[in-house]
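Let me begin by presenting the structure, written as structure tokens, before commenting on it.
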Amino acid sequence: GDAPSLVYFLTDGFELTSRDTQRLPQKMANLLRRFAPDTKINTIGFWPAEDDRKMLKIIAEQSGGEFVTVTDENY
């Protein structure tokens, strides 16, 4: 079938090891190239920790998507 043109990835954080934190964006990029090369991923982090924020930003940037963070400052 047809791949989606846009995916919204929402999370309030991850429980990953530092090794997994480095590997997840690369693994997602590989999956996108293989199955949905034109799909953009917009990531939305709800009160993310600094490492999570960095990872979400990388995931969005490598797919041409956008990263948004939701914190108390948004309200």
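Couple of notes before you dig in:
- Hey, residue 10 closer than 22 Å to residue 74 by Cβ, among the hydrophobic types (A, V, I, L, M, F, W, C) and modelled with pLDDT of 90 or more or not: yes
- Of all residues in the stretch 29-55, those that are among the aliphatic types (A, V, I, L, M) and modelled with pLDDT of 95 or more total 2.
The values are calculated or read from the model by the stated rules, or taken from the named source; none is laboratory data. Quantities reported herein were computed from a predicted structural model and do not represent experimental measurements. For neighbour counting, all protein chains shown are included, and Cβ atoms are generated from backbone atoms with ideal geometry for every residue, glycine included.
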